[in-house]
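Visitor: Got a structure here, written out as structure tokens. Questions coming.
The values are calculated or read from the model by the stated rules, or taken from the named source; none is laboratory data. Just so you know, these numbers come straight off a predicted model, no measurement behind them. Cβ sites come from the backbone with ideal geometry, for glycine too, and all protein chains shown count toward neighbours.
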Amino acid sequence: MMEPRFEGRVAIVTGAAGGIGAAIAARLHAEGAAIVIADLKVEAAQAAATKLGPKSIGVSCDVGAEDQVESCVRTALACFGRIDIIVNNAGLMPFKTLAEWSGDDWLKVLRVDLLGAAFFTKQAFLHFGDKGGAIVNIASVHAIETSANAAPYAAAKAAMLSLTRSTAIEGRGVKIRSNAVLPGAIDTQMLWNNPNVQSGAEVIDKKDVGTPEDIAAAAAFLASDESSSSRARRWQWTAGGWPSSDQ
């Protein structure tokens, strides 16, 4: 049985009705956290919360709409009285060539994949208590090494790393930690529905594919007090995954 590292704490996990988000929510809940599953599909969010059991709720939330983010946070505070952890996991990854992307296409992806994290980060600064808290941003390997036909997604995830750094800098004085995880090939519908994978343009060796639980374990560490050590703090300043030169 896992140690209750998050007993008495409250976590909001976005895009948590399935895939990586669901695994993160399950891991934090198993370690004692109350969970708010924020997902665009309210029925799926509520079903996921029911599956987790007590101390979990499902909330409808379009993370790209700031008023819905604010509403989600108000619901979390009304139900649980506090917020300690936010995991920005919600993501949108459509595929088109650079010549095909319209301005509206770009904005649709950026709202979900970047602004959603920015909106929830703002709420963390407004509503984390005196003891601070942890923000974990689920970015992507596409932030540093991408492929064809996914430019807005890759750009948003790269910008998420910059947001993570800015949050760490501004959060230091108010005890808010900020880190990012950069998943590669993970066994989710997003991977297998990727048209580049389906067409064979990207060849994925199944031996190299990780599980959502792998990412959940990393997110749980970064959300925990264990990541507040001096060594972990140096990782924080480099956006969760790129060690600084003094390590």
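Visitor: Looking only at residues that are in contact with a helix residue (DSSP H, G or I) (Cβ under 6 Å, 6 or more places away or on another chain), outside any helix (DSSP H, G or I) and among the aliphatic types (A, V, I, L, M) in segment 59-71, which one is surrounded by the fewest Cβ atoms within 10 Å (Cβ to Cβ)? Before you say what the answer is, go through the steps one by one.
Guide: Narrowing segment 59-71 to residues in contact with a helix residue (DSSP H, G or I) (Cβ under 6 Å, 6 or more places away or on another chain): 59-64, 66, 69.
When the remaining residues are screened for being outside any helix (DSSP H, G or I), the result is 59-64.
Applying the additional criterion that residues be among the aliphatic types (A, V, I, L, M) yields 59, 63.
On the way: VAL59: 23, VAL63: 28.
Only one residue fits best here, namely VAL59.
Visitor: For segment 64-112, which residues satisfy the criterion of being out of contact with any Pro (no Cβ under 6 Å at 6 or more places or on another chain), touching a residue at least 40 places away in the same chain (Cβ under 8 Å) and farther than 25 Å from HIS127 by Cβ?
Guide: Answer for segment 64-112, where residues must be out of contact with any Pro (no Cβ under 6 Å at 6 or more places or on another chain), touching a residue at least 40 places away in the same chain (Cβ under 8 Å) and farther than 25 Å from HIS127 by Cβ: LEU92, MET93, PRO94, LYS96, THR97, LEU98, TRP101, ASP105, LYS108.
Visitor: Turning to a different aspect of this structure: Which condition number does THR238 fail, the rest of (1) surrounded by 15 or more Cβ atoms within 10 Å (Cβ to Cβ); (2) modelled with pLDDT of 95 or more being met?
Guide: (2)
Visitor: Go through ARG74, ARG82, ARG111 for me and flag whichever is surrounded by fewer than 18 Cβ atoms within 10 Å (Cβ to Cβ), in a helix (DSSP H, G or I), at pLDDT 95 or above and of a type outside the set (A, V, I, L, M).
Guide: ARG74
Visitor: A follow-up question, please. Could you tell me how many of the residues in segment 26-58 are in contact with a Cys (Cβ under 8 Å, 6 or more places away or on another chain) and not aliphatic (A, V, I, L, M)?
Guide: Total satisfying the criteria: 1.
Visitor: Looking only at segment 46-58, count how many residues are part of a helix (DSSP H, G or I) and touching a residue at least 12 places away in the same chain (Cβ under 8 Å).
Guide: The number of residues fulfilling the criteria is 5.
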